[in-house]
Amino acid sequence: MRTAYLDHDGPIALAHRGFSREGLENSMAAFAAAVDLGLRYVETDVHATSDEVVVAFHDESLDRVTDRSGAITALPWREVREARIGGVEPVPTLEDLLGTWPQLRVNIDIKTPGAITPTVRVIERARAHDRVCIASFSDRRRRETLARLSRPVVTSAGRTTGALFRMAAALPGPVRHGAVARALRAVDGLQVPVQHSGIPLVTGQTVRAAHRAGAFVHVWTVNDAAEMHRLLDLGVDGLVSDRADLLREVLVARGQWPG
């Protein structure tokens, strides 16, 4: 279901967990840095604390990137809020992210089943349906999230749907188009790595097949300028990058930076 999330001229630049060269991923400082560069889209992951506060955070635990430890799902918000990313930045809530920049579009990867209902509540309170894309490796989590929202949102394929698409895209021409359309009928697009286990996932054929079915193709996580150019030449609709600064330079050089 197309919403205003996809209203964009040219390829979409998504800042992966915001933008920070100092390792402050998924912090408000990193999201602010992406916004300051002019990006209109950021990517984040979400987990829910034991008292169902949704945090914009990638890992299941605080251990890797903060000065605290413990599984987020086992901790109440009063403890998670004391953690500091890189020792300096607090862990943000999804509500803070959506509320601080009301025009920012946010790609939300739902990491656990327990985050589904709390995330839905945040989107409903913020009335953010037109500016979020719901993603998950789990098609089941994606479907359950969509079923609980009061309005449609943009969504991308999980692993199972992505695998069905890849099989369909490899079929002979006469049957390929119908099979691809059926594989992608429940999603708006694909968000995939360049390859998986040495098998290329993003090729001219797969991009054309997705586009013929009306689906977008976003590729993650691309941090090399030459690779950015190659994928954009294939016609992909968006790139997810840790190097928002470099991605901006590439798009400006190609005359594809909006505005």
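Pick from the stretch 2-24 the residues that are in contact with a strand residue (DSSP E or B) (Cβ under 7 Å, 6 or more places away or on another chain) and more than 24 Å from LEU234 (Cβ to Cβ): which of them is surrounded by the most Cβ atoms within 10 Å (Cβ to Cβ)?
For the stretch 2-24, the residue satisfying everything is GLY18.
Restricting to the stretch 53-82, name every residue that is surrounded by fewer than 16 Cβ atoms within 10 Å (Cβ to Cβ), of a type in the set (Asp, Glu) and out of contact with any Lys or Arg (no Cβ under 8 Å at 6 or more places or on another chain).
Matches in the stretch 53-82: ASP63 only.
Of all residues in the stretch 130-186, which are more than 26 Å from VAL42 (Cβ to Cβ), assigned to a loop (DSSP other than H, G, I, E, B) and either of a type in the set (Lys, Arg) or touching a residue at least 40 places away in the same chain (Cβ under 8 Å) (or both)?
Result: ARG185, single match.
Could we say that ASP7 is closer than 17 Å to ASP130 by Cβ and not hydroxyl-bearing (Ser, Thr, Tyr) here?
Working: closer than 17 Å to ASP130 by Cβ: yes; not hydroxyl-bearing (Ser, Thr, Tyr): yes.
Yes; evaluated as a whole, the condition is true for this residue.
Which residues, counting only those in the stretch 150-163, are surrounded by fewer than 16 Cβ atoms within 10 Å (Cβ to Cβ) and under 16 Å from ARG127 (Cβ atoms)? So that I can check it myself, show each step before the final result.
Pass one, the stretch 150-163, residues surrounded by fewer than 16 Cβ atoms within 10 Å (Cβ to Cβ): 150-152, 159-160, 163.
Within the stretch 150-163, SER150, ARG151, PRO152 meet the criteria.
Quick test for you: out of ALA225, ALA213, pick the one residue that is on the phi < 0 side of the Ramachandran plot and crowded, with 16+ Cβ neighbours inside 10 Å. Give the derivation first.
Details: ALA225 fails: crowded, with 16+ Cβ neighbours inside 10 Å.
Of ALA225, ALA213, the one residue that is on the phi < 0 side of the Ramachandran plot and crowded, with 16+ Cβ neighbours inside 10 Å is ALA213.
Condition (residue is under 18 Å from the mean Cα position of the chain (by Cα) and not in a helix (DSSP H, G or I)) applied to the stretch 59-81: is it met by at least one residue?
Filtering the stretch 59-81 down to residues under 18 Å from the mean Cα position of the chain (by Cα) leaves 59-60.
After this cut, where a residue has to be not in a helix (DSSP H, G or I) as well, the list is 59-60.
Scanning the stretch 59-81, I find at least one residue that is under 18 Å from the mean Cα position of the chain (by Cα) and not in a helix (DSSP H, G or I), so the answer is yes.
Could you please find all residues in the stretch 187-210 being in contact with a Phe, Trp or Tyr (Cβ under 9 Å, 6 or more places away or on another chain), of a type outside the set (Val, Ile, Thr) and surrounded by 15 or more Cβ atoms within 10 Å (Cβ to Cβ)?
If the condition is that a residue be in contact with a Phe, Trp or Tyr (Cβ under 9 Å, 6 or more places away or on another chain), of a type outside the set (Val, Ile, Thr) and surrounded by 15 or more Cβ atoms within 10 Å (Cβ to Cβ), then ASP188, GLY189, LEU190, GLN191, ALA209, ALA210 are the ones that fit.
Rule-based calculations on the coordinates, nothing more; no lab input. Values in this document were obtained by computation on a predicted structure and should not be read as measured data. Quick reminder, even Gly has a Cβ in these numbers, built from the backbone with ideal geometry, and neighbours come from all protein chains shown.
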